[in-house]
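Presented below is the structure to which this report refers.
The values are calculated or read from the model by the stated rules, or taken from the named source; none is laboratory data. Worth saying up front: this structure is predicted, and the values here are computed from it rather than measured. Note that each Cβ is placed from the backbone with ideal geometry, even for glycine, and that neighbours are counted across all protein chains shown.
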(Lines give C-alpha, C1' and ligand atoms only; values in the text may rest on other atoms or scores of the structure.)
Protein backbone atom coordinates (compact mmCIF):
# COMPACT_ATOMS: atom_id res chain seq x y z
CA UNK A 1 0.00 0.00 0.00
CA UNK A 2 1.55 3.33 -1.06
CA UNK A 3 0.56 6.66 0.38
CA UNK A 4 -0.89 9.17 -2.04
CA UNK A 5 1.43 11.84 -3.36
CA UNK A 6 -0.24 14.58 -1.42
CA UNK A 7 -1.79 14.38 2.04
CA UNK A 8 -2.97 17.77 3.22
CA UNK A 9 -4.44 18.55 6.63
CA UNK A 10 -6.68 21.61 6.58
CA UNK A 11 -9.24 23.13 8.84
CA UNK A 12 -10.08 25.94 6.43
CA UNK A 13 -10.21 25.22 2.71
CA UNK A 14 -11.04 27.31 -0.35
CA UNK A 15 -14.12 25.60 -1.74
CA UNK A 16 -14.75 27.62 -4.82
CA UNK A 17 -12.48 25.44 -6.95
CA UNK A 18 -14.44 22.29 -6.16
CA UNK A 19 -16.71 21.02 -8.93
CA UNK A 20 -20.42 20.14 -8.83
CA UNK A 21 -19.77 16.60 -7.52
CA UNK A 22 -19.84 18.09 -4.04
CA UNK A 23 -23.23 17.35 -2.48
CA UNK A 24 -22.98 20.15 0.11
CA UNK A 25 -20.33 22.59 1.21
CA UNK A 26 -18.23 21.24 4.08
CA UNK A 27 -18.58 23.02 7.40
CA UNK A 28 -16.23 23.78 10.20
CA UNK A 29 -16.53 21.25 13.00
CA UNK A 30 -16.50 22.19 16.67
CA UNK A 31 -13.57 21.00 18.73
CA UNK A 32 -15.84 19.21 21.20
CA UNK A 33 -19.35 17.86 20.58
CA UNK A 34 -22.17 19.98 21.95
CA UNK A 35 -24.42 18.19 24.42
CA UNK A 36 -27.92 17.43 23.16
CA UNK A 37 -30.58 20.00 23.95
CA UNK A 38 -33.80 18.73 25.52
CA UNK A 39 -36.93 19.56 23.54
CA UNK A 40 -39.65 17.59 25.33
CA UNK A 41 -39.34 15.14 28.20
CA UNK A 42 -41.62 13.28 30.55
CA UNK A 43 -40.67 15.93 33.10
CA UNK A 44 -42.76 18.41 31.08
CA UNK A 45 -45.12 16.12 29.18
CA UNK A 46 -46.37 13.98 32.09
CA UNK A 47 -48.21 15.12 35.17
CA UNK A 48 -46.76 12.35 37.34
CA UNK A 49 -44.07 9.61 37.20
CA UNK A 50 -44.67 7.28 34.30
CA UNK A 51 -44.62 3.53 34.68
CA UNK A 52 -46.25 0.49 33.14
CA UNK A 53 -47.17 -2.43 35.37
CA UNK A 54 -48.42 -5.96 34.95
CA UNK A 55 -52.04 -4.85 35.03
CA UNK A 56 -51.64 -2.41 32.12
CA UNK A 57 -51.29 -4.99 29.36
CA UNK A 58 -54.01 -6.02 26.94
CA UNK A 59 -53.82 -8.49 24.08
CA UNK A 60 -53.35 -6.54 20.84
CA UNK A 61 -53.20 -8.95 17.90
CA UNK A 62 -50.00 -10.93 18.36
CA UNK A 63 -48.68 -9.43 21.60
CA UNK A 64 -49.69 -8.26 25.03
CA UNK A 65 -49.26 -4.52 24.76
CA UNK A 66 -49.31 -1.43 26.95
CA UNK A 67 -48.83 2.11 25.66
CA UNK A 68 -48.56 5.57 27.15
CA UNK A 69 -49.04 8.55 24.83
CA UNK A 70 -48.08 12.15 25.43
CA UNK A 71 -48.24 15.35 23.44
CA UNK A 72 -45.82 18.18 22.92
CA UNK A 73 -45.81 21.26 20.70
CA UNK A 74 -42.97 22.91 18.83
CA UNK A 75 -43.15 26.54 17.72
CA UNK A 76 -43.03 27.21 13.98
CA UNK A 77 -39.47 27.19 12.69
CA UNK A 78 -38.19 24.85 15.38
CA UNK A 79 -37.67 21.87 13.09
CA UNK A 80 -34.30 22.45 11.43
CA UNK A 81 -33.66 21.98 7.77
CA UNK A 82 -32.87 18.34 7.39
CA UNK A 83 -29.22 17.42 7.48
CA UNK A 84 -27.94 20.93 7.93
CA UNK A 85 -28.79 22.55 11.26
CA UNK A 86 -29.53 19.67 13.56
CA UNK A 87 -31.15 16.33 14.21
CA UNK A 88 -33.74 15.04 16.67
CA UNK A 89 -32.90 12.32 19.16
CA UNK A 90 -35.17 10.00 21.11
CA UNK A 91 -34.02 9.28 24.66
CA UNK A 92 -35.44 6.18 26.30
CA UNK A 93 -34.39 5.76 29.94
CA UNK A 94 -36.07 3.31 32.31
CA UNK A 95 -35.79 0.51 34.85
CA UNK A 96 -37.47 -2.77 33.85
CA UNK A 97 -38.24 -5.63 36.22
CA UNK A 98 -39.28 -9.07 34.99
CA UNK A 99 -41.25 -11.62 37.02
CA UNK A 100 -39.29 -14.53 38.44
CA UNK A 101 -41.95 -16.99 37.24
CA UNK A 102 -41.88 -15.69 33.67
CA UNK A 103 -42.12 -18.13 30.79
CA UNK A 104 -39.56 -18.03 28.02
CA UNK A 105 -40.38 -15.55 25.27
CA UNK A 106 -39.74 -12.03 24.10
CA UNK A 107 -40.42 -8.49 25.23
CA UNK A 108 -39.92 -5.15 23.54
CA UNK A 109 -39.77 -1.61 24.93
CA UNK A 110 -39.93 1.18 22.36
CA UNK A 111 -40.64 4.86 21.82
CA UNK A 112 -41.98 6.77 18.84
CA UNK A 113 -42.70 10.29 17.75
CA UNK A 114 -45.87 10.64 15.67
CA UNK A 115 -46.05 6.84 15.39
CA UNK A 116 -42.57 6.63 13.85
CA UNK A 117 -40.61 4.31 16.13
CA UNK A 118 -37.01 5.34 16.65
CA UNK A 119 -36.11 3.74 19.99
CA UNK A 120 -36.33 0.01 20.65
CA UNK A 121 -34.85 -2.65 22.89
CA UNK A 122 -35.58 -6.37 22.67
CA UNK A 123 -35.47 -8.85 25.54
CA UNK A 124 -35.17 -12.58 25.00
CA UNK A 125 -36.10 -14.72 28.00
CA UNK A 126 -34.92 -18.31 28.13
CA UNK A 127 -35.15 -20.81 30.90
CA UNK A 128 -32.75 -23.58 31.72
CA UNK A 129 -33.82 -24.02 35.29
CA UNK A 130 -33.13 -20.38 36.02
CA UNK A 131 -34.43 -17.51 33.92
CA UNK A 132 -31.86 -15.86 31.63
CA UNK A 133 -32.58 -12.52 29.99
CA UNK A 134 -30.65 -11.09 27.07
CA UNK A 135 -31.09 -7.46 26.04
CA UNK A 136 -30.19 -6.18 22.57
CA UNK A 137 -30.28 -2.74 20.98
CA UNK A 138 -29.47 -0.95 17.73
CA UNK A 139 -28.83 2.79 17.43
CA UNK A 140 -27.15 5.12 15.00
CA UNK A 141 -25.30 6.58 17.97
CA UNK A 142 -23.57 3.47 19.27
CA UNK A 143 -24.30 0.76 16.69
CA UNK A 144 -25.33 -2.69 17.89
CA UNK A 145 -24.95 -4.02 21.39
CA UNK A 146 -26.28 -6.84 23.55
CA UNK A 147 -25.80 -8.06 27.11
CA UNK A 148 -27.00 -10.68 29.53
CA UNK A 149 -28.92 -9.23 32.44
CA UNK A 150 -27.58 -9.87 35.87
CA UNK A 151 -30.84 -10.71 37.59
CA UNK A 152 -34.43 -9.80 36.81
CA UNK A 153 -34.10 -6.02 36.78
CA UNK A 154 -31.97 -3.54 34.87
CA UNK A 155 -31.63 0.16 34.19
CA UNK A 156 -31.36 1.40 30.61
CA UNK A 157 -30.15 4.58 28.96
CA UNK A 158 -30.74 4.61 25.23
CA UNK A 159 -30.49 7.31 22.57
CA UNK A 160 -31.13 7.11 18.84
CA UNK A 161 -31.76 9.45 15.95
CA UNK A 162 -35.39 10.13 15.13
CA UNK A 163 -37.01 9.05 11.91
CA UNK A 164 -37.08 11.23 8.82
CA UNK A 165 -39.88 13.77 9.32
CA UNK A 166 -40.47 12.10 12.68
CA UNK A 167 -40.83 15.43 14.47
CA UNK A 168 -42.66 18.46 13.09
CA UNK A 169 -43.54 22.02 13.93
CA UNK A 170 -46.75 22.27 15.90
CA UNK A 171 -48.44 19.27 17.51
CA UNK A 172 -46.51 16.05 18.09
CA UNK A 173 -47.10 12.82 19.95
CA UNK A 174 -44.58 10.83 21.97
CA UNK A 175 -45.55 7.20 22.60
CA UNK A 176 -44.01 4.65 24.92
CA UNK A 177 -44.83 1.04 24.07
CA UNK A 178 -44.16 -2.18 25.94
CA UNK A 179 -45.01 -5.55 24.36
CA UNK A 180 -44.44 -9.17 25.26
CA UNK A 181 -45.28 -12.65 24.09
CA UNK A 182 -47.59 -15.00 25.94
CA UNK A 183 -46.39 -16.05 29.38
CA UNK A 184 -43.69 -13.41 29.78
CA UNK A 185 -44.09 -11.52 33.04
CA UNK A 186 -43.15 -7.86 33.27
CA UNK A 187 -43.68 -6.55 36.76
CA UNK A 188 -42.87 -2.93 35.97
CA UNK A 189 -41.22 -0.54 33.56
CA UNK A 190 -40.49 2.73 35.37
CA UNK A 191 -39.56 5.49 32.91
CA UNK A 192 -37.20 8.23 34.00
CA UNK A 193 -38.38 11.78 33.59
CA UNK A 194 -35.53 12.61 31.16
CA UNK A 195 -37.08 10.21 28.64
CA UNK A 196 -38.21 12.22 25.63
CA UNK A 197 -36.94 14.16 22.63
CA UNK A 198 -33.81 16.27 22.29
CA UNK A 199 -31.79 17.85 19.47
CA UNK A 200 -28.15 17.61 18.50
CA UNK A 201 -25.81 19.24 16.01
CA UNK A 202 -23.96 15.95 15.57
CA UNK A 203 -25.16 14.21 12.39
CA UNK A 204 -26.09 10.51 12.37
CA UNK A 205 -23.53 9.77 9.69
CA UNK A 206 -20.54 11.72 10.98
CA UNK A 207 -17.99 10.98 8.27
CA UNK A 208 -18.66 12.57 4.89
CA UNK A 209 -16.67 12.12 1.71
CA UNK A 210 -16.51 14.38 -1.32
CA UNK A 211 -14.57 13.56 -4.48
CA UNK A 212 -13.98 15.60 -7.61
CA UNK A 213 -12.51 15.02 -11.04
CA UNK A 214 -10.28 17.57 -12.74
CA UNK A 215 -12.05 20.30 -14.63
CA UNK A 216 -10.13 19.69 -17.86
CA UNK A 217 -10.99 16.85 -20.26
CA UNK A 218 -9.31 13.49 -19.75
CA UNK A 219 -7.85 11.67 -22.74
CA UNK A 220 -6.77 8.07 -23.03
CA UNK A 221 -3.21 7.78 -21.81
CA UNK A 222 -3.51 10.81 -19.53
CA UNK A 223 -2.60 10.76 -15.90
CA UNK A 224 -5.21 12.61 -13.85
CA UNK A 225 -5.94 13.39 -10.22
CA UNK A 226 -9.05 12.86 -8.11
CA UNK A 227 -9.30 15.18 -5.11
CA UNK A 228 -10.89 13.55 -2.08
CA UNK A 229 -12.03 15.43 0.98
CA UNK A 230 -13.02 13.69 4.21
CA UNK A 231 -15.10 15.65 6.68
CA UNK A 232 -15.66 14.62 10.28
CA UNK A 233 -18.91 16.28 11.30
CA UNK A 234 -19.24 14.68 14.72
CA UNK A 235 -17.20 17.15 16.69
CA UNK A 236 -15.19 14.31 18.22
CA UNK A 237 -12.19 12.46 16.83
CA UNK A 238 -13.03 9.74 14.36
CA UNK A 239 -10.53 6.93 14.08
CA UNK A 240 -9.68 3.97 11.90
CA UNK A 241 -10.56 5.85 8.74
CA UNK A 242 -9.55 4.05 5.56
CA UNK A 243 -10.15 5.21 2.01
CA UNK A 244 -10.33 2.70 -0.79
CA UNK A 245 -10.92 3.03 -4.48
CA UNK A 246 -13.00 0.95 -6.84
CA UNK A 247 -11.54 1.79 -10.27
CA UNK A 248 -13.49 2.08 -13.48
CA UNK A 249 -13.08 -1.33 -15.09
CA UNK A 250 -10.77 -1.08 -18.07
CA UNK A 251 -11.16 2.68 -18.34
CA UNK A 252 -8.92 4.02 -15.57
CA UNK A 253 -6.62 2.48 -13.00
CA UNK A 254 -5.28 3.96 -9.74
CA UNK A 255 -1.55 4.63 -9.69
CA UNK A 256 -1.20 4.84 -5.91
CA UNK A 257 -2.88 1.60 -4.88
CA UNK A 258 -6.50 1.03 -3.94
CA UNK A 259 -6.33 1.32 -0.13
CA UNK A 260 -5.18 4.33 1.90
CA UNK A 261 -4.96 4.14 5.67
CA UNK A 262 -5.85 7.62 6.93
CA UNK A 263 -6.24 6.84 10.64
CA UNK A 264 -7.60 9.70 12.72
CA UNK A 265 -9.75 12.41 11.15
CA UNK A 266 -10.31 15.38 13.43
CA UNK A 267 -11.83 17.92 11.05
CA UNK A 268 -11.18 17.90 7.35
CA UNK A 269 -8.62 15.79 5.55
CA UNK A 270 -7.76 16.14 1.88
CA UNK A 271 -5.94 13.66 -0.28
CA UNK A 272 -5.17 13.46 -3.97
CA UNK A 273 -5.34 10.14 -5.78
CA UNK A 274 -3.65 9.65 -9.15
CA UNK A 275 -5.14 7.61 -11.98
CA UNK A 276 -4.21 6.70 -15.52
CA UNK A 277 -6.85 6.69 -18.23
CA UNK A 278 -6.42 3.50 -20.23
CA UNK A 279 -8.93 3.88 -23.03
CA UNK A 280 -11.71 6.12 -24.22
CA UNK A 281 -15.26 5.63 -23.08
CA UNK A 282 -17.46 5.94 -20.00
CA UNK A 283 -16.64 4.55 -16.58
CA UNK A 284 -17.25 5.04 -12.89
CA UNK A 285 -14.71 5.43 -10.12
CA UNK A 286 -16.04 4.94 -6.59
CA UNK A 287 -14.13 6.35 -3.63
CA UNK A 288 -15.22 4.85 -0.31
CA UNK A 289 -14.30 5.58 3.27
CA UNK A 290 -14.76 3.42 6.34
CA UNK A 291 -14.62 4.53 9.94
CA UNK A 292 -15.67 3.48 13.40
CA UNK A 293 -19.11 4.97 12.74
CA UNK A 294 -20.12 4.96 9.08
CA UNK A 295 -18.97 4.17 5.55
CA UNK A 296 -19.77 6.90 3.02
CA UNK A 297 -18.96 6.60 -0.63
CA UNK A 298 -18.65 8.97 -3.57
CA UNK A 299 -19.16 7.65 -7.10
CA UNK A 300 -17.60 9.62 -9.95
CA UNK A 301 -18.81 9.29 -13.51
CA UNK A 302 -16.10 10.00 -16.03
CA UNK A 303 -15.83 9.95 -19.78
CA UNK A 304 -12.40 9.46 -21.26
CA UNK A 305 -11.85 10.97 -24.69
CA UNK A 306 -9.66 9.34 -27.34
CA UNK A 307 -5.97 9.99 -26.98
CA UNK A 308 -4.89 13.54 -27.78
CA UNK A 309 -3.38 13.92 -31.25
CA UNK A 310 -5.35 11.09 -32.76
CA UNK A 311 -5.70 12.31 -36.38
CA UNK A 312 -9.00 12.67 -38.14
CA UNK A 313 -7.83 10.16 -40.79
CA UNK A 314 -7.10 7.54 -38.17
CA UNK A 315 -10.44 8.17 -36.48
CA UNK A 316 -12.20 7.87 -39.83
CA UNK A 317 -10.46 4.58 -40.60
CA UNK A 318 -11.37 3.31 -37.14
CA UNK A 319 -14.99 4.30 -37.71
CA UNK A 320 -15.07 2.57 -41.10
CA UNK A 321 -13.47 -0.58 -39.72
CA UNK A 322 -15.88 -0.66 -36.81
CA UNK A 323 -18.89 -0.33 -39.08
CA UNK A 324 -17.66 -2.86 -41.69
CA UNK A 325 -19.51 -5.86 -40.20
CA UNK A 326 -22.75 -3.88 -40.15
CA UNK A 327 -22.28 -2.75 -43.76
CA UNK A 328 -21.49 -6.29 -44.87
CA UNK A 329 -24.64 -7.54 -43.19
CA UNK A 330 -26.74 -4.91 -44.94
CA UNK A 331 -25.17 -5.84 -48.29
CA UNK A 332 -25.94 -9.52 -47.83
CA UNK A 333 -29.52 -8.80 -46.79
CA UNK A 334 -29.99 -6.56 -49.85
CA UNK A 335 -28.60 -9.26 -52.13
CA UNK A 336 -31.01 -11.86 -50.76
CA UNK A 337 -33.92 -9.46 -51.08
CA UNK A 338 -33.11 -8.80 -54.73
CA UNK A 339 -32.82 -12.48 -55.47
CA UNK A 340 -36.18 -13.16 -53.83
CA UNK A 341 -37.86 -10.39 -55.78
CA UNK A 342 -36.39 -11.74 -59.03
CA UNK A 343 -37.90 -15.17 -58.32
CA UNK A 344 -41.33 -13.67 -57.73
CA UNK A 345 -41.18 -12.00 -61.08
CA UNK A 346 -40.21 -15.26 -62.86
CA UNK B 1 -39.57 -64.43 -6.55
CA UNK B 2 -36.50 -65.91 -4.82
CA UNK B 3 -34.77 -64.39 -1.81
CA UNK B 4 -32.00 -62.78 -3.85
CA UNK B 5 -34.50 -60.99 -6.04
CA UNK B 6 -36.39 -59.74 -2.99
CA UNK B 7 -33.18 -58.37 -1.47
CA UNK B 8 -32.27 -56.66 -4.73
CA UNK B 9 -35.70 -55.13 -4.94
CA UNK B 10 -35.48 -53.85 -1.37
CA UNK B 11 -32.04 -52.42 -2.08
CA UNK B 12 -33.35 -50.67 -5.16
CA UNK B 13 -36.14 -49.10 -3.09
CA UNK B 14 -33.64 -47.83 -0.53
CA UNK B 15 -31.51 -46.34 -3.30
CA UNK B 16 -34.55 -44.65 -4.82
CA UNK B 17 -35.59 -43.08 -1.52
CA UNK B 18 -32.04 -41.99 -0.76
CA UNK B 19 -31.75 -40.40 -4.18
CA UNK B 20 -34.91 -38.45 -3.51
CA UNK B 21 -33.48 -37.14 -0.23
CA UNK B 22 -30.16 -36.29 -1.84
CA UNK B 23 -31.93 -34.46 -4.66
CA UNK B 24 -33.71 -32.36 -2.08
CA UNK B 25 -30.41 -31.55 -0.48
CA UNK B 26 -28.93 -30.81 -3.91
CA UNK B 27 -31.49 -28.09 -4.46
CA UNK B 28 -30.50 -26.29 -1.32
CA UNK B 29 -26.78 -26.90 -1.52
CA UNK B 30 -25.96 -25.92 -5.10
CA UNK B 31 -28.06 -22.80 -5.57
CA UNK B 32 -29.44 -21.21 -8.71
CA UNK B 33 -28.29 -18.50 -11.07
CA UNK B 34 -29.31 -14.94 -11.75
CA UNK B 35 -28.08 -12.04 -13.84
CA UNK B 36 -29.68 -9.45 -11.57
CA UNK B 37 -27.63 -9.78 -8.43
CA UNK B 38 -27.00 -6.29 -7.05
CA UNK B 39 -26.83 -4.26 -3.89
CA UNK B 40 -29.66 -2.17 -2.48
CA UNK B 41 -28.66 1.00 -0.59
CA UNK B 42 -30.81 2.91 1.91
CA UNK B 43 -28.97 5.74 3.66
CA UNK B 44 -25.76 3.86 4.48
CA UNK B 45 -27.37 0.43 4.87
CA UNK B 46 -26.76 -2.02 2.06
CA UNK B 47 -27.95 -5.52 1.31
CA UNK B 48 -27.77 -7.94 -1.61
CA UNK B 49 -31.10 -8.39 -3.36
CA UNK B 50 -30.96 -12.22 -3.22
CA UNK B 51 -30.20 -14.63 -0.45
CA UNK B 52 -27.55 -17.30 -0.92
CA UNK B 53 -27.12 -21.02 -0.46
CA UNK B 54 -23.74 -20.51 1.20
CA UNK B 55 -21.94 -17.63 2.92
CA UNK B 56 -20.44 -16.50 -0.35
CA UNK B 57 -21.70 -13.82 -2.71
CA UNK B 58 -21.96 -15.42 -6.14
CA UNK B 59 -24.51 -15.04 -8.91
CA UNK B 60 -24.55 -18.82 -9.39
CA UNK B 61 -25.19 -19.57 -5.74
CA UNK B 62 -28.34 -17.58 -5.06
CA UNK B 63 -31.48 -18.99 -3.53
CA UNK B 64 -34.41 -16.55 -3.82
CA UNK B 65 -34.97 -12.85 -4.47
CA UNK B 66 -35.46 -10.55 -1.50
CA UNK B 67 -39.10 -9.47 -1.66
CA UNK B 68 -40.14 -8.57 1.89
CA UNK B 69 -39.26 -5.53 4.02
CA UNK B 70 -40.70 -5.60 7.55
CA UNK B 71 -40.27 -2.05 8.83
CA UNK B 72 -41.20 0.36 11.60
CA UNK B 73 -40.68 -1.43 14.91
CA UNK B 74 -39.60 -4.81 13.54
CA UNK B 75 -37.23 -7.48 14.75
CA UNK B 76 -36.82 -11.00 13.39
CA UNK B 77 -38.48 -12.43 16.50
CA UNK B 78 -41.42 -10.05 16.24
CA UNK B 79 -42.00 -10.97 12.60
CA UNK B 80 -41.93 -14.68 13.30
CA UNK B 81 -44.36 -14.28 16.18
CA UNK B 82 -46.81 -12.25 14.10
CA UNK B 83 -46.80 -14.78 11.24
CA UNK B 84 -46.60 -17.76 13.56
CA UNK B 85 -50.29 -18.65 13.36
CA UNK B 86 -49.70 -19.92 9.81
CA UNK B 87 -45.97 -20.12 9.32
CA UNK B 88 -45.14 -22.27 12.29
CA UNK B 89 -42.61 -24.83 10.99
CA UNK B 90 -38.89 -24.44 10.59
CA UNK B 91 -37.10 -24.97 7.29
CA UNK B 92 -33.56 -25.28 6.02
CA UNK B 93 -31.12 -22.41 6.50
CA UNK B 94 -29.92 -19.95 3.88
CA UNK B 95 -27.76 -16.83 4.02
CA UNK B 96 -28.36 -13.12 3.70
CA UNK B 97 -25.61 -10.52 3.23
CA UNK B 98 -26.17 -7.20 4.95
CA UNK B 99 -24.24 -4.05 5.79
CA UNK B 100 -25.65 -1.75 8.46
CA UNK B 101 -23.06 0.96 7.85
CA UNK B 102 -19.80 -0.09 9.48
CA UNK B 103 -19.35 -3.51 7.87
CA UNK B 104 -20.75 -6.40 5.86
CA UNK B 105 -22.06 -9.37 7.79
CA UNK B 106 -23.65 -12.72 7.03
CA UNK B 107 -26.91 -13.71 8.66
CA UNK B 108 -28.35 -17.20 8.43
CA UNK B 109 -31.99 -18.09 8.92
CA UNK B 110 -34.15 -21.20 8.65
CA UNK B 111 -37.22 -19.08 8.34
CA UNK B 112 -40.72 -20.39 8.84
CA UNK B 113 -42.99 -22.43 6.59
CA UNK B 114 -46.60 -23.51 6.55
CA UNK B 115 -45.91 -27.26 6.46
CA UNK B 116 -42.87 -29.30 7.31
CA UNK B 117 -41.72 -31.67 4.58
CA UNK B 118 -44.62 -31.25 2.13
CA UNK B 119 -45.23 -34.21 -0.12
CA UNK B 120 -44.92 -36.90 2.50
CA UNK B 121 -47.92 -39.20 2.77
CA UNK B 122 -50.84 -37.50 4.55
CA UNK B 123 -49.08 -34.13 4.27
CA UNK B 124 -50.04 -31.25 1.99
CA UNK B 125 -48.20 -31.24 -1.29
CA UNK B 126 -46.98 -27.68 -0.93
CA UNK B 127 -45.69 -25.27 1.69
CA UNK B 128 -44.98 -21.57 1.65
CA UNK B 129 -41.67 -20.66 3.20
CA UNK B 130 -40.08 -17.32 4.11
CA UNK B 131 -36.71 -16.43 5.58
CA UNK B 132 -35.80 -13.13 7.26
CA UNK B 133 -32.40 -11.55 7.67
CA UNK B 134 -30.89 -8.70 9.63
CA UNK B 135 -27.60 -7.75 11.15
CA UNK B 136 -26.09 -9.03 14.39
CA UNK B 137 -28.90 -8.14 16.76
CA UNK B 138 -31.75 -9.24 14.53
CA UNK B 139 -32.76 -5.87 13.08
CA UNK B 140 -31.30 -2.86 11.35
CA UNK B 141 -32.17 0.81 11.67
CA UNK B 142 -32.14 3.76 9.34
CA UNK B 143 -34.17 6.98 9.63
CA UNK B 144 -36.31 6.11 6.61
CA UNK B 145 -37.38 2.57 7.41
CA UNK B 146 -37.03 2.57 11.19
CA UNK B 147 -36.23 -0.83 12.66
CA UNK B 148 -36.43 -3.32 9.83
CA UNK B 149 -35.57 -6.80 8.56
CA UNK B 150 -35.56 -8.11 4.98
CA UNK B 151 -36.85 -11.43 3.70
CA UNK B 152 -37.27 -13.82 0.82
CA UNK B 153 -40.09 -16.25 0.19
CA UNK B 154 -40.99 -19.20 -2.07
CA UNK B 155 -43.07 -22.35 -2.41
CA UNK B 156 -41.78 -25.82 -1.58
CA UNK B 157 -43.79 -28.30 -3.68
CA UNK B 158 -43.55 -32.03 -3.03
CA UNK B 159 -40.29 -31.33 -1.27
CA UNK B 160 -40.20 -34.69 0.48
CA UNK B 161 -41.90 -36.72 -2.22
CA UNK B 162 -40.00 -39.21 -4.32
CA UNK B 163 -40.60 -37.22 -7.48
CA UNK B 164 -42.19 -34.05 -8.78
CA UNK B 165 -40.25 -31.64 -6.57
CA UNK B 166 -40.37 -27.98 -7.47
CA UNK B 167 -39.44 -24.82 -5.62
CA UNK B 168 -40.15 -21.19 -6.41
CA UNK B 169 -42.95 -18.88 -7.49
CA UNK B 170 -41.64 -16.21 -5.13
CA UNK B 171 -44.04 -13.53 -6.34
CA UNK B 172 -47.11 -15.56 -5.50
CA UNK B 173 -45.63 -16.63 -2.18
CA UNK B 174 -44.89 -12.99 -1.37
CA UNK B 175 -48.54 -12.14 -2.02
CA UNK B 176 -49.59 -14.76 0.52
CA UNK B 177 -47.24 -13.42 3.20
CA UNK B 178 -48.70 -9.95 2.66
CA UNK B 179 -52.19 -11.41 2.87
CA UNK B 180 -51.47 -13.23 6.14
CA UNK B 181 -49.89 -10.10 7.60
CA UNK B 182 -52.96 -8.07 6.71
CA UNK B 183 -55.43 -10.68 7.95
CA UNK B 184 -53.56 -10.72 11.25
CA UNK B 185 -54.37 -7.02 11.58
CA UNK B 186 -51.16 -5.35 10.44
CA UNK B 187 -50.65 -2.88 7.62
CA UNK B 188 -48.85 -3.97 4.47
CA UNK B 189 -48.26 -2.64 0.97
CA UNK B 190 -47.82 -5.21 -1.78
CA UNK B 191 -45.15 -4.55 -4.43
CA UNK B 192 -44.04 -1.33 -2.77
CA UNK B 193 -40.68 -0.63 -4.41
CA UNK B 194 -38.37 -2.04 -7.05
CA UNK B 195 -35.09 -3.56 -5.93
CA UNK B 196 -33.84 -4.86 -9.23
CA UNK B 197 -34.46 -8.59 -8.86
CA UNK B 198 -37.22 -9.10 -11.40
CA UNK B 199 -37.29 -12.68 -12.66
CA UNK B 200 -39.69 -13.48 -15.50
CA UNK B 201 -40.95 -17.05 -15.43
CA UNK B 202 -37.92 -19.28 -15.91
CA UNK B 203 -37.28 -22.89 -14.96
CA UNK B 204 -33.80 -23.85 -13.80
CA UNK B 205 -33.96 -27.52 -12.92
CA UNK B 206 -36.51 -27.72 -10.12
CA UNK B 207 -35.97 -24.02 -9.30
CA UNK B 208 -38.81 -21.96 -10.77
CA UNK B 209 -38.13 -18.26 -10.99
CA UNK B 210 -41.07 -15.87 -10.85
CA UNK B 211 -40.69 -12.43 -9.31
CA UNK B 212 -41.70 -8.94 -10.40
CA UNK B 213 -38.74 -7.22 -8.76
CA UNK B 214 -40.89 -5.13 -6.42
CA UNK B 215 -40.56 -5.83 -2.70
CA UNK B 216 -43.54 -5.53 -0.39
CA UNK B 217 -43.34 -3.63 2.87
CA UNK B 218 -45.06 -4.81 6.03
CA UNK B 219 -45.42 -2.45 8.99
CA UNK B 220 -44.64 -3.60 12.51
CA UNK B 221 -46.10 -1.18 15.06
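Results for (1) under 30 Å from residue A:143 (Cβ atoms); (2) assigned to a helix (DSSP H, G or I); (3) at pLDDT 90 or above; (4) assigned by TED's automatic domain parsing to the domain that holds residue A:208, shown as yes or no for each residue.
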site: A:260; (1), (2), (3), (4): yes, no, yes, yes
site: A:283; (1), (2), (3), (4): no, no, no, yes
site: A:286; (1), (2), (3), (4): yes, no, no, yes
site: A:295; (1), (2), (3), (4): yes, no, no, yes
site: A:300; (1), (2), (3), (4): yes, no, no, yes
site: A:318; (1), (2), (3), (4): no, yes, no, no
site: A:324; (1), (2), (3), (4): no, yes, no, no
site: A:331; (1), (2), (3), (4): no, yes, no, no
site: A:344; (1), (2), (3), (4): no, yes, no, no
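Each residue in the stretch A:128-140 was checked for being loosely packed, with under 15 Cβ neighbours inside 10 Å and either at the interface with chain B (Cβ under 7 Å from one of its Cβ atoms) or modelled with pLDDT under 95 (or both), and 3 pass. A single member of B:169, B:181 is in contact with a strand residue (DSSP E or B) (Cβ under 9 Å, 6 or more places away or on another chain), surrounded by 16 or more Cβ atoms within 10 Å (Cβ to Cβ) and within 14 Å of chain A (Cβ to nearest Cβ), and it is B:181.
Yes or no, residue by residue, for (1) in contact with a helix residue (DSSP H, G or I) (Cβ under 8 Å, 6 or more places away or on another chain); (2) exposed (fewer than 14 other Cβ atoms within 10 Å of the Cβ); (3) assigned to a strand (DSSP E or B); (4) within 11 Å of another protein chain (Cβ to nearest Cβ):
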| site | (1), (2), (3), (4) |
| --- | --- |
| A:97 | no, no, yes, no |
| A:100 | no, yes, no, no |
| A:111 | no, no, yes, yes |
| A:126 | no, yes, yes, no |
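State all residues of the stretch B:19-48 that are crowded, with 20+ Cβ neighbours inside 10 Å, at pLDDT below 95 and assigned to a loop (DSSP other than H, G, I, E, B); if no residue qualifies, say none. Correct list: B:31 only.
Checking every residue in the stretch A:10-31 against the condition of being touching a helix residue (DSSP H, G or I) at 6+ places or on another chain (Cβ under 9 Å) and either at pLDDT 65 or above or surrounded by fewer than 17 Cβ atoms within 10 Å (Cβ to Cβ) (or both) gives zero matches.
When the residues of the stretch A:152-165 are narrowed to those that are modelled with pLDDT of 95 or more and part of a loop (DSSP other than H, G, I, E, B), which ends up nearest to the other protein chains (Cβ to nearest Cβ)? It comes out as A:163. Check residue A:175 against each of (1) outside any loop (DSSP other than H, G, I, E, B); (2) buried (at least 19 other Cβ atoms within 10 Å of the Cβ); (3) within 14 Å of chain B (Cβ to nearest Cβ) and name the one condition it does not meet. (2) is the only condition that residue A:175 fails.
Checked against (1) surrounded by fewer than 17 Cβ atoms within 10 Å (Cβ to Cβ); (2) in contact (Cβ under 8 Å) with a residue 24 or more places away in the chain, residue B:197 passes all but condition (1).
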